[in-house]
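Everything below concerns the one structure shown next.
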Amino acid sequence: MNHIAPLLNPNENILLDLDVLSRKRLFEEVSRILSVSSGVPAQSVFDALIAREKLGPTGLGCRAGIPHARINGIVDPGLCLVRTKQPIDYDGPGQTTAQLFFAVAIPESNPDAYLAILSDVAEFLRDKEVRESLMKAPSAKQALDVIAAWTPPLKQHRERSNHMKNSASGLRVVIVTGLSGSGKSVAIRQLEDSGYYCLDNLPLDFLLPVLEKLHSRGIDRIAVAVDARGLTTSDQFTDCLTALCARKIDVRILFLTASNTELVKRFSETRRRHPLSVHLGSQSGRTLSEAIHLERNLLSPISEQAHIIDTTRVLPNTLRRWVTEFADIPPSSMTLDFESFAFKKGLPVAADLVFDVRNLPNPFYDEALQSLTGLDKPVIDFLDSQSQVREMLSDITTFIDKWLPSYESQNRHYLTVAIGCTGGQHRSVYIAEHLAEAFRSKVLTVVRHRQLCQRDS
């Protein structure tokens, strides 16, 4: 199921063959429709749409547009579909007019829903076949039928991947491409941090032999960054994708984009040169706007086969989370490090959470246990028998279990939980070992005993 169809009703927010001649009149009509469903005054919706448009055009380059805005006061996401009677002026990459529009209004407090809807709408409108079907739909009900029958390419791909699971090569490849400045480096780093073997700017001619070589060495998760410089012909990417699929390789294509205004802003801030700003083999150059326009055109065949993420208003942490979801990386790619230590020797430098267990009964005062550690059975039996110890262990486990998802959501790769007692020998070691055992089935877990390591060395 896509995110578009549930928000549309043929009798309320689908308007076909609207007779308007300007963008202003279009926005007035969609504001009126969205106002009814949201309870927000039409003027407020109109002002928000105009304000967003000033940040950069919302045309998609396929004679379609997505006017959108986050609006304070809206409780639930709002959407309307408008097909105008004739094309109207509407800027976008490679377009000056448009005739098909999805207008989106999202609550200020729900950016994830906002971007999920925008992503599906953008992918839908870039699908030439369904776009043409929508243009030909004779009624609002049939237009909704076209939308409801559409499945986002990402979901289609996953369904195909599941179907071929038994016969697949076992190799998964994520191809990261898109416009320079749109966040490809962020995406590649996130994949690398999540266990993927990453290759940057590999020419497509070398892709298949390199993948086969790496797979022969036991590497089965590979991410490849591809930019416009790696393409020699418009059909090269399609040919490469066909070859990969013929070998039953699970291929996922992630295409990152952003508005021209945002890309210019990012290049200005970083003072980087656009990779296409210079003509290869000549001294002549291109303006930044010309280079961005050329890159859009060169990569257009890829975007039609990819999962598209518009990063114009997306923070790096959000992008990293979406990349993780796209690549089906296990949600818990974090390493949870339990470290015992002695307070008298100082806190561990890398500690994120520190628990003091010096209040628990101390085996050190039992002469028979004094020379042993929290790894030895007599000490374990002693601490197991103490109700305070059991209660402390339960409380710490509950705390970490409650807050671990919050740390994971921040794309942290390591969380160090330090357990301290007086000498770092008995109680802290015991607690660290039991915590590691409790979380081992949920997350990659490491346990270290600082003082014991120092003693052994």
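Taking amide hydrogens as modeled 1.01 Å from N in the peptide plane, which residues meet the under 5 Å criterion relative to residue 372, leaving out close sequence neighbours?
none
Putting +1 on Lys and Arg Cβ atoms and -1 on Asp and Glu Cβ atoms, find which of 3, 42, 99 reaches farthest to the positive end of the dipole of region 1-99.
My answer, from the dipole projection, is 99.
Run the helix sum for the chain: -39,500 (n - 2.57) per DSSP H stretch of 4+ residues, divided by residue count, reported at 222 nm to the nearest 500 deg cm²/dmol.
Numbers: 16 runs with 198 residues, N = 457.
Roughly -13500 deg cm²/dmol at 222 nm, from the helical runs in the chain.
Treating the beta-carbon of each Lys and Arg as +1 and of each Asp and Glu as -1, no other charges, what is the dipole magnitude of the chain about its Cα centre, to the nearest 20 debye?
Values: 52 positive and 53 negative charges, 184 e Å.
Dipole size: approximately 880 debye.
Simple spin-label model, 7 Å along Cα-to-Cβ: residue 354 to residue 313 in nm?
Output for this residue pair reads 4.2 nm.
Post the alpha-carbon centroid distance, region 1-72 to region 362-439, in whole angstrom.
Their Cα centres are 57 Å away from one another.
Charges on Cβ only, +1 for Lys and Arg, -1 for Asp and Glu, centred on the Cα centroid of the chain; of 187, 64, 415, which one is farthest towards the dipole's positive end?
64
Any chance you could list P(r) for the chain, counting all Cα-Cα pairs in 10 angstrom bins from zero, rounded to whole %?
4, 17, 22, 19, 16, 11, 7, 3, 0, 0
Taking 0.36 nm per residue of separation and subtracting the Cα-Cα distance, what length does fully extending residue 414 through residue 86 add?
Numbers: separation 328, 0.36 × 328 = 118.08 nm, distance 5.59 nm.
Length gained between residue 414 and residue 86: 112.5 nm.
Thinking of region 176-222 as a set of Cα atoms, what percent of all their pairs are more than 17 Å apart? Please list the in-between numbers first.
Details: 434 of 1081 pairs.
Tail fraction, whole percent: 40.
Of all DSSP beta bridges in the chain, what percent run antiparallel (nearest 5)? Provide the component values of the computation, followed by the final result.
Working: 11 of 59 bridges.
Bridges in the chain are about 20 percent antiparallel.
Taking H as built 1.01 Å from N, whose amide H comes closer than 5 Å to the amide H of residue 414, not counting residues under 5 places away?
The list, which skips near neighbours in sequence, is 335.
Report, to the nearest 10°, how far helix 236-246 tilts away from the longest principal axis of the Cα atoms in the chain, using its own Cα long axis and a range of 0 to 90°.
50 degrees
Using Cβ contacts closer than 10 Å as the measure, can you line up 433, 339 from fewest to most? Could you put the intermediate results ahead of the total?
Numbers: 433 18, 339 21.
Starting with the residue having the fewest Cβ neighbours, the order is 433, 339.
Set the Förster radius R0 to 51 Å, insert the Cβ-Cβ distance between residue 145 and residue 271 as r into 1/(1 + (r/R0)^6), and round the FRET efficiency to 0.05.
On the way: r = 50 Å, r/R0 = 0.99.
Efficiency, rounded to the nearest 0.05: 0.50.
Per residue of region 136-142, what does 6.51 cos²θ - 1.76 cosθ + 1.60 with θ = phi - 60° give for ³J(HN,Hα)? Whole Hz please, x for Gly and Pro, Karplus curve as stated.
For region 136-142, the Karplus curve yields 8, 4, x, 9, 5, 5, 5 Hz.
Check which residues have an amide H placed less than 5 Å from residue 445's amide H, if you skip close sequence neighbours.
336
Using square roots of five times the C-alpha gyration tensor eigenvalues, list the equivalent-ellipsoid semi-axes of region 306-457 in whole Å, biggest first. Provide the component values of the computation, followed by the final result.
On the way: eigenvalues 278, 43, 31 Å².
Semi-axes (√(5λ), whole Å): 37, 15, 12.
To the nearest 0.05, what FRET efficiency results for residue 19 and residue 127 with a Förster distance of 30 Å applied to their C-beta separation? All intermediate terms of the calculation are to be shown ahead of the outcome.
Working: r = 27 Å, r/R0 = 0.89.
My answer for the efficiency is 0.65.
Please list 3J(HN,Hα) in residue order for region 211-224, calculated via the Karplus relation 6.51 cos²θ - 1.76 cosθ + 1.60 where θ = phi - 60°; whole Hz, with x for glycine and proline.
Karplus-based 3J(HN,Hα) across region 211-224 equals 4, 5, 5, 5, 5, 5, 8, x, 8, 10, 10, 10, 10, 10 Hz.
How far, in degrees from 0 to 90, does helix 153-163 lean away from the longest principal axis of the Cα atoms of the chain, to the nearest 10?
Tilt relative to the chain: about 60 degrees.
Cα-Cα over 28 Å: which of 85/265; 85/128; 344/402; 213/442; 184/248; 213/265? It would help to have the intermediate numbers written out before the result.
Numbers: 85/265 36 Å; 85/128 19 Å; 344/402 30 Å; 213/442 33 Å; 184/248 26 Å; 213/265 40 Å.
Pairs exceeding 28 Å: 85/265; 344/402; 213/442; 213/265.
What do you get for the angle between helix 288-303 and the principal long axis of the chain? Use alpha-carbon atoms, 0 to 90 degrees, nearest ten.
Result, in degrees: 80.
Suppose each label sits 7 Å from its Cα in the direction of the beta carbon; what would the residue 248-residue 442 distance come out to in nanometres?
A separation of 3.8 nm, rounded to one decimal place.
Read-outs throughout are calculated quantities, based only on the coordinates presented, and are distinct from any laboratory measurement. Quantities reported herein were computed from a predicted structural model and do not represent experimental measurements. Reconstructed Cβ throughout: ideal geometry from the backbone, glycine too, with neighbour counts over all protein chains shown.
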